[in-house]
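These notes concern the structure reproduced below.
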Amino acid sequence: MALKKEFVALMALSMSLVALAIDAMLPALAEIGSDLGLAHDNDRQLVLTVLFLGLSLGQLFYGPISDSLGRRGPIFFGFGLFILGSALAVVAPTFEWLLIGRFLQGLGAAGPRILTVAIIRDCAVGREMARLMSLVMMVFILIPAIAPALGQAILLIASWRGIFMALLLLSSMTLVWFYLRQPETLSFEARRPISPASLGGAFVEVLHTRSTVLYTLAGGMIFGSFVGFLNSAQQIFQELYGLGVRFPAYFAVLALTIGCASLINARLVIRLGMRFLCILGLGVTVLTSAVFLVYCLIGDPGIWLLMAYLMVTFFCTGILFGNINALAMEPLGHMAGLASSMIGSAKTLISLLLGYVIGYAYDSSVVPLVTGFFLLSALAFGLMWLSGSEAPTVRQPLTDRLREESSR
């Protein structure tokens with residue numbers, strides 16, 4: 001039992017590096033912009049955008065490489081990149097050097113984020129795997145809620161560089177813990193060689209699976225509006241509404257709203273189905289965003305009205321996150337690892353581009369953010385309808401189809 005608790009704690013901590021690297025930095029964005037002399041206030045948002053870029057690219061490689069070489073080597077490499085990026089951010093003399101460090105953090109954090117799920121899958125199957133994942137996700141859900149408070153607490157005794165030092169120390173300790181206590185979980189017999197041909201074939205097959213493409217685009221738009229919120233959250237709460245050090249408490253409420261929605265979704269999805277819940281969640285988001293946008297154009301909403309709107313929107317987002325990804329993956333079970341990497345990378349890339357546009361449009365009001373939620377949710381809703389209501393066809397692997405055609 002003690003070993004299982006240690007395993008859950010190690011997996012949850014490894015998976016949480018991404019959330020910590022994003023959310024703990026939010027209270028420090030204004031200080032970073034001032035300290036490094038940024039000409040435009042919205043440029044500070046690049047601290048988040050560049051990390052998402054590294055995360056997007058990293059997701060493409062860790063899964064396939066770990067299937068071939070095992071889990072420990074790639075995850076050590078990911079931790080190493082994250083530690084290097086954190087160290088560079090601590091001593092960064094300019095904003096450009098800070099962004100290079102953030103890119104390395106994102107590229108590195110993709111490893112632990114992706115491979116912890118693979119390790120759990122190696123160690124357990126069926127109900128035991130589901131139970132372990134549930135325990136890990138319970139811890140993981142709490143991290144975004146407390147991370148801004150941790151960042152704010154560090155700012156009370158140190159500068160923004162202290163947050164990067166904390167990330168450096170935490171990732172280093174997690175790496176040592178992982179090295180000493182977590183053995184390799186993928187046997188030599190289970191490893192699969194990778195080749196340009198297999199990667200290219202998988203890429204073509206994903207592109208030829210219509211429902212997967214549509215759901216991936218929809219997922220990118222849903223996550224894009226959320227990234228837009230992350231980019232502008234510090235400016236909205238701390239500067240527009242003057243919340244100051246109270247910002248982490250408001251952020252925690254919204255983060256826990258997403259977590260609660262994820263837990264409720266686990267009960268609802270069996271009875272109502274993924275597609276119905278996605279359409280319902282997007283429909284509610286479109287309608288509430290349209291009404292709230294009109295209100296924002298007429299007058300300035302108070303903080304509690306904004307929080308009420310965001311809680312409804314984020315609850316729907318929590319319902320959508322898991323379901324839209326599962327729908328995209330459903331026809332590709334025969335190549336789940338590669339497909340997951342490609343879909344995750346594409347979705348993150350789409351979301352960071354859209355989120356950057358929303359965040360950079362910030363004009364000392366919430367109108368750009370609400371507009372982003374409305375437009376992207378409406379587009380995602382349209383893509384859901386285009387995907388059709390029929391169950392997706394589980395496609396025969398492309399390599400098998402080509403082999404059959406050549407033998408005729």
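Annotations
- Cα→Cβ-extended label distance, 7 Å offset, between Ser34 and Cys260, nm: 3.4
- Estimated FRET transfer efficiency (Arg246, Met138; beta-carbon r; R0 30 Å; 0.05): 0.70
- Zone residues, the stretch 286-320, relative to Leu268, backbone N less than 20 Å from point 7 Å out along Cα-to-Cβ: 286-292, 307-320
- Treating each Cα of the stretch 195-388 as an identical point scatterer and summing with the Debye formula, the log10 of I(q)/I(0) at q = 0.08, 0.10, 0.14 Å⁻¹ comes to -0.28, -0.43, -0.79.
- The stretch 100-151: C-alpha gyration tensor shape, a/c 1.5 cut-off, then a/b vs b/c: oblate
- Fully extended contour minus Cα-Cα distance, from Lys5 to Arg210, at 0.36 nm per residue: 69.7 nm
- In this label model, Ser195 and Ala308 are separated by 6.2 nm, measuring between points 7 Å along each Cα→Cβ vector.
- The stretch 195-388, relative contact order in percent, only Cα pairs under 8 angstrom and at least six apart counted: 48
- Cleavage-rule hits, GluC sites (Glu not before Pro), the stretch 1-97, DSSP coil, Cβ neighbours within 10 Å at most 10: none
- The chain: most fluctuating residue of Gly388, Gly259, Gly63 per GNM, C-alpha cutoff 10 Å: Gly388
- Packing-based order for 115-122, 249-256, 169-176, using average beta carbon neighbours within 10 Å, highest first: 115-122, 249-256, 169-176
- Per-residue packing, averaged as other Cβ atoms within 10 Å, sorts the ranges 8-15, 227-234, 36-43, 261-268 into the order 227-234, 8-15, 261-268, 36-43, beginning with the highest.
- Inverse mean reciprocal Cα-Cα distance (Kirkwood Rh) of the stretch 1-182, Å: 16.7
- Fluctuation leader among Leu69, Leu156, Leu353 - the chain, Gaussian network, Cα springs under 10 angstrom: Leu156
- The relative contact order of the stretch 1-182 comes to 36 percent, based on Cα pairs under 8 Å that sit 6 or more residues apart.
- Shape class of the chain from the Cα gyration tensor (axes a ≥ b ≥ c, square roots of the eigenvalues): oblate, since a/c reaches 1.5 or more and a/b does not exceed b/c.
- Label zone (Leu155, point 7 Å along Cα-to-C-beta; backbone nitrogen cut-off 11 Å) within the stretch 9-28: 24-28.
Since every read-out is calculated from the coordinates, none of them should be taken as a lab result. Predicted, not measured: the structure shown is a model, and the values here were computed from it. Glycine also receives a Cβ, built like all others from the backbone with ideal geometry; neighbour counts cover every protein chain displayed.
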